[in-house]
Amino acid sequence: MQVLEEKHKLATRWFHWINFPILFVMIISGLLIYWAYDPYRIGLGSITLFHFFPDWFYDATHVDHKLSYGMALHFLFAWIFAINGLAYVIYTVVSGEWRELVPERKSFGEAVQVAMHDMGLKVPLPPQGRYNAAQRITYTGIVLMGGLSLLTGLAIYKPAQLNWLTALAGGYEWARWEHFWLTMGYLGFFGIHIAQVIRAGWANFRSMVCGYDVVELKAASAEVHGNAGKL
Amino acid sequence: MQENSKVLTPAEEISRRSRRSFIGLGVGAVAAVGGWEWLHSGEIPEGDIPGKLRAALNFNEGVVRNTLYGNDHLAKTFPASAVGKIRANGDVGIDEALDAAAWRLEVVPFGASAPAGKLVMDDLRKLPRHEEIIDFKCVEGWSTVTQFAGARFSDFTAKFAPGSEKAQCVGMRTPDEEYYVGLDMPSALHPQTLLAYEMNGEPLNDKHGAPLRLVIPVKYGIKNIKRIGRIEYADKRGDDYWAERGYDWYAGL
């Protein structure tokens, strides 16, 4: 027999879908700002494997010479990013949802199994709740990264008024470096997230929009509660 | 209606919910695009940012000034060993050679309409000399640890424009009026704000604003005007070269 099962709470879906375009604007406006001083690279000593960003990238994206516009956008949308993120954290704590999100002791071992399974290896999936072990670690990590982006951002934004925060980040230049690599982390997350959503299929994506999925009642196993919002 | 009283199958129920939710998502997306258009609507002066983004910057300024800002919040200072490689950015207002002998500093106190005094460098050197090694921050994102020495702007004001502390703002211009900045008075009177005549142990050179420049570590470099020719206290926000070109008027750090 088929029944409707709630996969994602209304609040979670709102926070998620608000965050998506806001984070997009934050990353693009961050790029407009970064262009004005773009020192970061992957490399060692005099060997540079990749410079963020090469000229062809700037030529293709037209992000050049828009520093003032980028700053204005960034410092406006940062409000929405921060308020939405804080509201999400408060909601998750108060509602008790955090229990289904925060990694447990066993999650770290299980996450390896999940990852190997997802890469096509014949590894059985451990039983799971709303989120599997890899999702618990990743989703909690991405929320923590959001908090760090906010803090390092403030450290760059007001290094004199919040000099203690800038000092905590390791100084002004380190704060900017951390802020940049956190953003690269989001892009890495985004790539895997989209790939997993595509892999998990339509019903899974639909459940992130409408909150529900249709499941077989008799299969009272991991599958019933499982696989919502794969990485 | 009959449909409402009917018990829906799970398949019908999910398609009903999903239809509603996707319509909601679509409405949200349209609203977001509309909001974006609204944010960019209105006349935009050449080279400036949309007015609503300007309003957001001004809103942030208000929040910062009412919550974070304090004259006891100091920009970090460094040991002499941390002084880095200097770079010179921007020559607006200082591209003509300086006639050091002819240079004067005009001071227009609060409420006055004409300069009350034309000062020479010796007048400034008589004020207590203050030295600081700070991380000079360009709005572009880079920064350089630099040593500066000069007179505190608060000492300068007390001596040459007493009473002008109660003005809301102060404006400064290069002698040719090509470059100009507007400052809020609390930042101008911040204890680290200097009228500097020395940089890295040497008299200020032409490229960095000889004979006298502003060093205001609680602001981005764009506010640290070089070769000051005129200082004017006022209640109105003075013109500001980079604010007219899209940047935050406050530009506080």
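The values are calculated or read from the model by the stated rules, or taken from the named source; none is laboratory data. Since the model is a prediction, treat every value here as computed from it, not as a measurement. Note that each Cβ is placed from the backbone with ideal geometry, even for glycine, and that neighbours are counted across all protein chains shown.
What residue, of A:Ile90, A:Ile42, is more than 14 Å from chain B (Cβ to nearest Cβ), assigned to a helix (DSSP H, G or I) and loosely packed, with under 12 Cβ neighbours inside 10 Å? None of the other options fit; the residue is A:Ile90. Quick one: which of B:Ala31, B:Ala80 is closer than 30 Å to B:Ile134 by Cα, more than 10 Å from chain A (Cβ to nearest Cβ), exposed (fewer than 13 other Cβ atoms within 10 Å of the Cβ) and out of contact with any Asp or Glu (no Cβ under 8 Å at 6 or more places or on another chain)? Within the list B:Ala31, B:Ala80, the selection yields B:Ala80.
Being within 14 Å of chain A (Cβ to nearest Cβ) and either out of contact with any strand residue (DSSP E or B) (no Cβ under 6 Å at 6 or more places or on another chain) or without any contact (Cβ under 8 Å) to a residue 24 or more places away in the chain (or both) is a property that does not hold for B:Val145.
Looking only at residues in the stretch B:48-63 that are more than 9 Å from every other protein chain (Cβ to nearest Cβ) and touching a residue at least 60 places away in the same chain (Cβ under 8 Å), the one that is surrounded by the most Cβ atoms within 10 Å (Cβ to Cβ) is B:Glu61. For the stretch B:225-238, state whether one or more residues are buried (at least 20 other Cβ atoms within 10 Å of the Cβ), over 18 Å from B:Arg104 (Cβ atoms) and in contact (Cβ under 8 Å) with a residue 40 or more places away in the chain. There is no residue in the stretch B:225-238 that is buried (at least 20 other Cβ atoms within 10 Å of the Cβ), over 18 Å from B:Arg104 (Cβ atoms) and in contact (Cβ under 8 Å) with a residue 40 or more places away in the chain.
Can you tell me how many residues in the stretch B:213-241 are more than 14 Å from chain A (Cβ to nearest Cβ) and not in a loop (DSSP other than H, G, I, E, B)?
Looking only at that region, the number is 7.
With respect to the stated conditions, A:Val209 fails to be surrounded by fewer than 20 Cβ atoms within 10 Å (Cβ to Cβ) and touching a Pro at 6+ places or on another chain (Cβ under 6 Å). Going through (1) in contact with a strand residue (DSSP E or B) (Cβ under 7 Å, 6 or more places away or on another chain); (2) more than 27 Å from A:Met26 (Cβ to Cβ) one by one, A:Lys106 falls short only on (1).
Scan the stretch B:188-207 and give yes if some residue there is hydrophobic (A, V, I, L, M, F, W, C), within 14 Å of the chain's Cα centre (by Cα) and outside any loop (DSSP other than H, G, I, E, B), otherwise no.
yes
Answer yes if at least one residue in the stretch B:136-143 is part of a loop (DSSP other than H, G, I, E, B), among the charged types (D, E, K, R) and in the same structural domain as B:Leu105 (by TED's automatic domain parsing), and no otherwise. Yes, the stretch B:136-143 contains a residue that is part of a loop (DSSP other than H, G, I, E, B), among the charged types (D, E, K, R) and in the same structural domain as B:Leu105 (by TED's automatic domain parsing).
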